[in-house]
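What follows is calculated from the coordinates using simple rules that are stated; it is not laboratory data. Given the structure is predicted, the values throughout are model-derived calculations rather than measurements. When we count neighbours, we look across all protein chains shown, and the Cβ atoms used for this are built from the backbone with ideal geometry, even at glycine.
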């Protein structure tokens with residue numbers, strides 16, 4: 001009887017361990033990553049704009065917020081990220097078009113501070129890259145007290161984070177008990193960066209990797225190839241819970257994306273990508289052997305940018 005009971009207990013323990021392995025965040029060197037929850041779907045831009053708020057705010061966990069701009073405000077529908085440490089908060093990107101990003105972010109910082117019974121923490125504003133649909137709200141933050149805005153240029157990034165050699169140097173941003181690694185990844189844009197949050201294992205990749213069209217020009221392609229490899233190497237010994245970019249253009253149907261300018265995307269791809277998609281992209285650009293061409297993968301498309 002005791003032997004049978006022991007077998008049952010061992011089986012239950014094994015099943016419980018398997019379930020935990022499927023649902024919990026992967027372990028890091030210091031223990032376990034902070035888990036979070038992503039929605040099954042995101043609001044896009046319809047079908048009735050009058051019924052949609054300008055922003056969708058999703059609390060991944062108590063200290064990591066994902067913000068999406070409504071397609072009714074701007075068809076790009078970019079994602080912004082607000083991350084809290086004990087001493088500072090970081091906002092990545094400020095939105096597209098005619099937005100009131102600062103009011104929303106200030107309110108979120110205020111709510112977080114009240115929930116944690118403390119005064120509002122300083123805010124550091126950075127950008128995934130310099131394109132207009134990610135910097136439109138910058139002016140609102142420029143002269144705000146308790147806010148440091150880092151303009152989206154290589155020179156300003158180097159100065160703010162001590163990056164002597166661009167793009168080979170990386171930097172660490174300390175928010176107080178929370179370290180974000182900043183990795184330069186030029187290619188889509190000269191000032192493109194990735195941020196790796198050690199606390200959640202989330203890798204933020206801007207417009208350089210997301211479920212949609214990755215625009216790259218001929219002159220920028222060598223840098224894009226090197227940057228993709230840099231991300232592969234950086235994540236080689238680190239847990240990656242999710243890769244999160246700044247747009248969704250792909251549909252849930254493999255190899256099918258929404259046309260540029262689409263406001264309402266009722267069957268869009270998930271925001272999050274696994275590290276395997278990064279590895280797939282890296283292999284695809286290597287196979288191009290230095291010659292830029294369109295490559296359609298299941299979850300994204302490498303799209304040569306038409307010269308302006």
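Assorted remarks:
- Here the Gaussian network model covers the chain, with springs between Cα atoms less than 10 Å apart; of 70, 50, 113, 50 fluctuates the most.
- Of all DSSP beta bridges confined to the chain, the antiparallel ones make up roughly 70%.
- Rounded FRET efficiency, nearest 0.05, which uses the C-beta distance separating residue 118 from residue 41 and R0 of 41 Å: 0.75
- Calculated FRET value between residue 283 and residue 110, using beta carbons and R₀ = 30 Å, to 0.05: 0.10
- Ordering 218, 236 by the number of other Cβ atoms within 10 Å of each residue's own Cβ, fewest first, gives 236, 218.
- Among 135, 285, a tally of other beta-carbon atoms within 10 Å of each Cβ gives an order, fewest to most, of 135, 285.
- Put in order of Cβ neighbour count within 10 Å, fewest first, the listed residues 40, 144 become 40, 144.
- For the pair residue 293 and residue 237, a Förster radius of 30 Å applied to the C-beta separation gives a FRET efficiency near 0.40, rounded to the nearest 0.05.
- Spatial separation of Cα centroids for region 116-135 and region 144-163, in angstrom: 11
- The convex hull drawn around the Cα atoms of region 160-259, when projected onto a plane and averaged over every direction, covers 7.5 nm².
- Inter-part distance where region 229-308 and region 26-105 are each reduced to a Cα centre, Å: 20
- Prolate/oblate/rounded call for region 265-308, Cα gyration tensor, a/c under 1.5 rounded: oblate
- Label assignment, Rg and Dmax of the Cα atoms in Å derived from the structure, set (i) 20.4, 78; (ii) 19.0, 61; (iii) 19.2, 56: (i)
- Rounded if a/c under 1.5, otherwise prolate or oblate - region 38-137, Cα gyration tensor axes: prolate
- Divide the volume of the convex hull around the Cα atoms of region 175-217 by the residue count and you get 57 Å³ per residue.
- Where only DSSP H runs of four or more residues are counted, the chain gives -8000 deg cm²/dmol as its mean residue ellipticity at 222 nm, each run worth -39500 (n - 2.57).
- Segment residue 218-residue 59, extension gain: residue separation times 0.36 nm, minus the distance between their alpha carbons: 53.4 nm
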